[in-house]
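The values are calculated or read from the model by the stated rules, or taken from the named source; none is laboratory data. All values reported here derive from a predicted model rather than from experimental measurement. Ideal geometry is used to build each Cβ from the backbone, glycine not excepted, and the neighbour counts take in all protein chains shown. Each accessible area value is taken on the protein alone, full model and side chains, heavy atoms only, with ligands, DNA and RNA left out. Shrake-Rupley method; radii C 1.70, N 1.55, O 1.52, S 1.80 Å.
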Amino acid sequence: MTVAGHDRYDDAYLRAILREVRTIGMVGASANWNRPSYFAMKYLQDRGYRVVPINPAAAGGTILGEAVVPAIDTLPIRVDMIDIFRNSEAAGPIVDEAIAHGAKVVWMQLGVRNDAAAARAEAAGLRVVMNRCPKIEHARLVGTLEWHGVPSGVITSKKRKL
Amino acid sequence: MTSSYGFETLSIHAGAAPDPATGARALPIYQTTAYVFDDADHAAALFNLQTVGFIYSRLTNPTTAALEARLAALEGGRGCTVTSSGHAAQVMALFPLMSPGMEVVAATRLYGGSIQQMKNTYPKFGWAAKFVDGNQVENFKRAVTDKTRAFFIESLCNPGGVVMDIEAIARVAESAGVPLIVDNTLATPWLCKPIGYGATLVVHSTTKFLSGTGTSMGGAIVDSGKFDWSRGAKFPSLAGPEPAYHGLNFNETFGDMAFTFHSHAVGLRDLGPSQAPFNAWITMLGMETLGLRMERHCANAARIAAFLEKHPAVAWVNYAGLPSSKYHALAKRYMPKGAGSVFTFGVRGGYETGVKVVDNVELFSHLANLGDAKSLIIHPASTTHRQLADDAQVAAGAGPDVLRLSIGIETVEDLIADLDQALTKAAA
Ligand SMILES: Cc1ncc(COP(=O)(O)O)c(C=O)c1O
C-alpha cells in the first residue's frame, strides 16, 4: 500500500497500523529516561505493545525490561514494525534492513523523513509512516492526547476507541 | 488540526465526544482534585510525563481539558491551557518565555488592567514591559533589544473601536525571532483567528464572550505550535534542560506540543492558576452557541453605533464597523463578519452628562465587565479610571465624556430605546 506524498495520513490508515502491529523494533532506543525514545517505548509498552530496543551503543544492557540488541538482524523475534529514532539520512539503510527482516511497517519519527527509502519499502509491500510519533498518534486517535490540552482532530458522536 | 469541519460544528463537538466510561452525551463535570494511580510504575510514568493521564487537578482535569481541546480547535492552534482568569493567562503565556531582565514589547492600546499588570506587577518578577503605539508597526521594530522575548497586542482592543494590523506586527516579531502574543478576547475566534496571521500565542479572558453570560471567570492560552523554541537560544525553559523537570527538554520531547505541555506541567503546577471544572463546564456550554451569539452581538452593535452617530447628544462614536472609523479597513480585513460589540462613544456635556447617562439606563447594566448576553455600560472616568489624572484618563481613551458599551443580544429596538431615553434625560 502506498501513500501519495506522505505529507498527511488518513486516520483510518494510522488506526489500522496501530491495531494490527503487536511487536516493534525501536532503532535508536535510549536508556536515558528523559529522551524522547524512552518516553515512546514506555508509552507503547503500557498500551500492550512489545518493544525491542535496537542500539549498538547500549547492546547487552536492558531498557524498560527488554534486552537491547545491536542491530535489526540480531532481533530475537520477527517484529511487525520498525520504529526509527535516527536522522533522515541514517533511516535509508535501516529501512532496507527492515525490508530484509520481513517487517510489515516502517515508522519514522517526528523530523525523520526519507522519501527514497519509503518508496523502496512500499515497493516491497510495507506500509510507511514518516515524520510522526506512534505515541502521539496513538494518544491522539484514542482521544487521550486531549487530556493534555491538545485537540485530536477527531470529531465523533461515538465513544472514543483506537 | 486536520479536521475540515466548520466553526459551528467544532464549537459544539470539538473536545466533547461521549464520555468513554458512561456514554454520557453531555460533558461530565469531573469535580475531583486527584486521580488514583494503577500502581507505583504508573504513578512514576505520569510524574515523568511518559504517559498521558491525570495526577492532580492543579495540572490537568478532564473537564478543563475538554475546553482546552475545543478552544484550540476553534483558534486553529496545536494546544491550549486554560487558567483561572484572563489575567492569569497573560502571566502564564509569558512565564516560559521570560526571566529576570527580559522584556515584552506591548501596544499601548490594551485593556487598562493589562497595562497595570505589565507596568506595575511584572517588574516585581524582574520582567520589563515596553509600551509602543501599535498603530505604527515600525515602533515594534524600534523597541526590540537583545532582551526582547515577546510582543503583546490585542486584536480588537479594549475599550473597543481599535484594530491592530496583526499580520504586519507578526512579521516584525518573526524577524526579531520572538513570538507574537495576541489577546483575542474582544474578537473571539468567530470573528478573527490570529494564528492564521502569524500569531504564536493567543490569549483569552474566557470570562467574556466565550462563556457568554457573565457567570464564570476563566482564561486561556492557545499555542500555534509553529514557533521553533530552539531558535537563537532565547527560550531555555522550553528548548533547554528544564530544571523544574529534572533537565527534560520540552521542545525535543514534545515537539510542537512543547509549549502546551510545559504550561501544564510547569506553569500550572508551580504558579497554580487552574480553572475550576465547573467554570470550564459553563464555558463549554457557552461556546456551543458562540457563533450564533456573536452574529447577534455584532448586528446589534452595528445598529446601535449607527443610531448613536446620528444622536444629537452624542459627540462621537468609536466603532470599527462604522465607515467613519479610521480602523474600518483593518476591521474589514481581520474581522469581516463584524467589528465586535464593545465600543466607546462621547457625550456632549462631558463628565456630568456621562454620569447621568449611566444613572438613567434601565436595560443596560452599569458594571465593569464585557461580553455578556446582557448589554453593559460603564463610564470609565468615574469608575475604572477614576484614580488617573485628567490627561492620563484622556490618553487611555477614558476621558470625562467617554462611555463604553458592551452590546448584548437583547431585542435591538429595546436597547436603542433605552439609550435614547437615557441620553435625552442626561442632556436635558
Ligand atoms: C481584553 C481583555 N484581556 C484580558 C482581560 C482580563 O481578563 P479577566 O478579567 O478574565 O482576568 C480583560 C478583562 O476585562 C479584557 O477585556
message: With just the Cα atoms defining each centre, how far is the range B:131-199 from the range A:66-108? Give it in Å.
response: 46 Å
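Across peptide B:15-24, what mean number of C-beta atoms from other chains lies inside 10 Å of a residue's C-beta? Before the final figure, lay out each step's value.
On the way: counts 6, 3, 10, 5, 2, 7, 1, 1, 2, 0.
Whole-number average of other-chain Cβ neighbours for B:15-24 is 4.
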task: Excluding residues fewer than 8 places away in the same chain, name every one of the aspartates and glutamates whose C-alpha is closer than 17 Å to that of B:K208.
output: B:E68, B:E75, B:E154, B:D183, B:E288, B:E295, B:D372, B:E410
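Taking the convex hull of the Cα atoms, report for the range B:7-286 its projected area averaged over all directions, in nm². Display every interim value, and only then the final one.
Numbers: hull surface 56.5 nm².
The orientation-averaged projected area of the Cα hull of the range B:7-286 comes to 14.1 nm².
How much accessible area is lost when chains B and A come together, counting both sides, with a 1.4 Å probe, in Å² rounded to the nearest 100?
Numbers: alone 17540 and 8150 Å², together 22550 Å².
Counting both chains, the buried surface is close to 3100 Å².
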field: 10 Å Cβ shell holding at most 16 others, DSSP loop, trypsin sites (Lys or Arg not before Pro): longest site-free stretch of chain B
entry: B:59-146
query: Over the heavy atoms of A:I82, what accessible area does a 1.4 Å probe trace out, to the nearest 10 Å²?
result: 0 Å²
- prompt: For chain B, with every protein chain kept in place, what is the accessible area per residue (1.4 Å probe, Å²)?
  reply: 37 Å²
- line: Carbon/sulfur accessible area of the protein assembly as shown, % of total, 1.4 Å probe, equals 54 percent
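What fraction of the DSSP beta bridges in the range B:7-286 is antiparallel, stated in percent and rounded to the nearest 5? Don't jump to the answer; show the numbers that get you there.
On the way: 15 of 31 bridges.
Of all bridge pairs located within the range B:7-286, approximately 50 percent are antiparallel.
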- prompt: Can you list the equivalent-ellipsoid semi-axes of the range B:290-427, largest first and in whole Å, using the square root of 5 times each Cα gyration tensor eigenvalue?
  reply: 22, 17, 14
statement: Counting sequence-distant residues (5 or more places) and residues on other chains, those with an amide H built under 5 Å from that of B:A106 are B:K130, B:F131, B:V132, B:F152
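Which net charge results for the neighbourhood of B:V361, defined as the other residues with beta-carbon distances under 11 angstrom from its beta-carbon, given Lys and Arg at +1 and Asp and Glu at -1? Could the numbers behind the result be given before it?
Numbers: positive: B:K356, B:K425; negative: B:D359, B:E362, B:D418, B:D420.
Net of charged neighbours comes to -2.
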task: Percent of Cα-Cα pairs per 5 Å bin, from 0 to the last occupied bin, for chain A, please list those.
output: 2, 9, 19, 22, 21, 14, 8, 3, 1, 0
- line: One would report the antiparallel percent of DSSP beta bridges in chain A, rounded to the nearest 5, as 10 percent
task: Please turn the phi angles of the range B:352-367 into ³J(HN,Hα) values with the Karplus equation 6.51 cos²θ - 1.76 cosθ + 1.60 (θ = phi - 60°), one per residue in order, whole Hz, x for glycine and proline.
output: 4, 5, x, 4, 5, 4, 5, 6, 9, 5, 10, 9, 5, 9, 8, 7
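Taking each residue of A:138-148 in turn, how many C-beta atoms of other protein chains fall within 10 Å of its C-beta, and what is the average? Provide the component values of the computation, followed by the final result.
On the way: counts 1, 2, 2, 0, 2, 5, 6, 6, 15, 12, 18.
Taking all residues of A:138-148 together, the mean is 6.
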query: Mind listing the phi-derived Karplus ³J(HN,Hα) values for the range B:250-256, rounded to whole Hz, using 6.51, -1.76 and 1.60 with θ = phi - 60°, and x for any glycine or proline?
result: 5, 5, 6, 7, 10, x, 6
query: Which whole number gives the average count of other chain Cβ atoms within 10 Å of the Cβ atoms across peptide B:78-85?
result: 2
- request: Could you list the trypsin sites (Lys or Arg not before Pro) in the range A:1-93 that lie in coil according to DSSP, counting only those with at most 12 other Cβ atoms within 10 Å of their Cβ?
  value: A:R8, A:R22, A:R78
As computed over the protein assembly as shown, the Cα convex hull volume per residue (Å³): 150 Å³
